[in-house]
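The values are calculated or read from the model by the stated rules, or taken from the named source; none is laboratory data. All values derive from a computational prediction rather than experimental measurement. Every residue, glycine as well, gets a Cβ built from its backbone with ideal geometry; the counts of neighbours run over all protein chains shown. These accessible areas exclude ligands, DNA and RNA; they are computed on the full protein's heavy atoms, side chains included. Shrake-Rupley method; radii C 1.70, N 1.55, O 1.52, S 1.80 Å.
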Amino acid sequence: MSRIGKKPVTLPKGVKVSVNGAEAVVEGAKGKLSCPIPTVITLDIQADSVILARANEEAQSRAYHGLTRALIQNAVTGVTDGWKKELDMVGVGYKAAMDGAKLRLDLGYSHPIMYEAPAGISIAVEKQTHIVVTGSDRQLVGQVAADIRKFRKPEPYKGKGVMYTGEVIRRKAGKTGK
C-alpha cells in the first residue's frame with residue numbers, strides 16, 4: 001500500500017472538491033485548480049476529507065496512487081494558503097524592479113530583461129535584490145521562479161547570479177598564481 005496514497009487529504013473550511021470527468025476540481029478562497037485523475041484511481045469525497053483508492057496492485061497504479069494524492073494535496077494547499085518562492089540576486093549592479101505589471105531585471109547584460117508573469121502569478125520586489133513569486137498553482141510558481149533564475153544562473157567561482165533564497169552554491173577554487 002502506498003504510504004502517501006493511503007493518507008486522506010483533509011479539506012479546510014471553504015474548500016470544495018468535485019470530480020469532473022477525468023479531473024478533480026479544487027475550489028477555495030484563492031482560486032480554482034484542476035488535477036488530472038488516472039482511470040485506475042477513484043476518489044471518495046467526504047465532508048472534510050478526500051480518500052483515494054486504486055483499482056489494482058500494478059506498479060503503475062501504485063505510482064499513480066501517491067502522485068494523485070500529492071497533486072490534490074498541493075491544490076488544496078494552494079487554494080487556501082498559496083505557494084511562495086523567493087529569489088536573491090548576488091552581483092555588482094544586479095537589481096530588479098517592477099515596471100507596471102512586468103518585472104525588470106538588470107543582470108549585467110547590455111540590456112534590461114523584461115519578464116511578464118503568467119495569469120495567476122504575482123511577483124513582488126521587496127528589495128532591489130530580493131524577488132518573491134506567489135500563486136496558488138505550485139507547479140506554475142516553481143516554473144516562473146526557475147525561468148527568472150535561468151536568466152543568470154549562479155556561477156561557482158564568484159557566486160554571482162540569481163539563486164533561490166537559502167540555496168547553497170558549491171564554490172570552486174580559481175586559478176593558482178605563480
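Calculated accessible area for the range 99-178 comes out at 65 Å² per residue, all protein chains present (probe 1.4 Å; ligands, DNA, RNA ignored). Potential lengthening of the chain between Ala47 and Lys32 amounts to 3.6 nm, from the contour at 0.36 nm per residue minus the alpha-carbon distance. Stretching Ala173 away from Thr39 to a fully extended chain increases their span by 43.0 nm, per 0.36 nm per residue minus the current alpha-carbon distance. Couplings 3J(HN,Hα) of the range 123-136, computed from phi: 10, 10, 10, 7, 10, 5, 10, 9, 10, 10, 10, 10, x, 9 Hz, in residue order, whole Hz [Karplus 6.51 cos²θ - 1.76 cosθ + 1.60, θ = phi - 60°; x for Gly and Pro].
In this structure, the residue pairs whose Cα-Cα separation is over 24 Å, taken from Lys95/Lys158; Lys7/Lys85; Lys158/Lys178; Lys127/Lys158, are Lys7/Lys85. The peptide list 13-23, 61-71, 122-132, put in order of mean Cβ contacts within 10 Å with the highest first, becomes 61-71, 122-132, 13-23. Taking a Cβ cut-off of under 12 Å around Lys172, the surrounding Lys, Arg, Asp and Glu residues balance to a net charge of +3, with basic ones at +1 and acidic ones at -1. Of all aspartates and glutamates in the structure, the ones whose alpha carbon falls short of 18 Å from that of Lys16, not counting any fewer than 8 places away in one chain, are Glu27, Asp44, Asp48, Asp81, Asp137.
Atom-type composition of the exposed protein surface of the chain places 51 percent of the accessible area on carbon and sulfur (1.4 angstrom probe). Name the residue from Gly108, Ala24, Ala145 whose Cα lies farthest towards the positive end of the charge dipole of the chain, charges +1 on Cβ of Lys and Arg and -1 on Cβ of Asp and Glu. So the residue we want is Gly108.
With helices as the sole contributors, the chain gives -6500 deg cm²/dmol at 222 nm; each DSSP H run of n ≥ 4 counts as -39500 (n - 2.57), and the sum is divided by every residue. Annotation: Asp81 carries an accessible surface of approximately 110 Å², with a 1.4 Å probe and no ligand, DNA or RNA atoms counted.
Dipole size of the chain about its Cα centre, with +1 on Lys/Arg Cβ and -1 on Asp/Glu Cβ: approximately 1000 debye, rounded to the nearest 20.
Distant-in-sequence amide contacts of Ala24, defined by a placed amide H-H separation under 5 Å and a gap of 5 or more residues or a different chain, comprise Cys35, Ile37.
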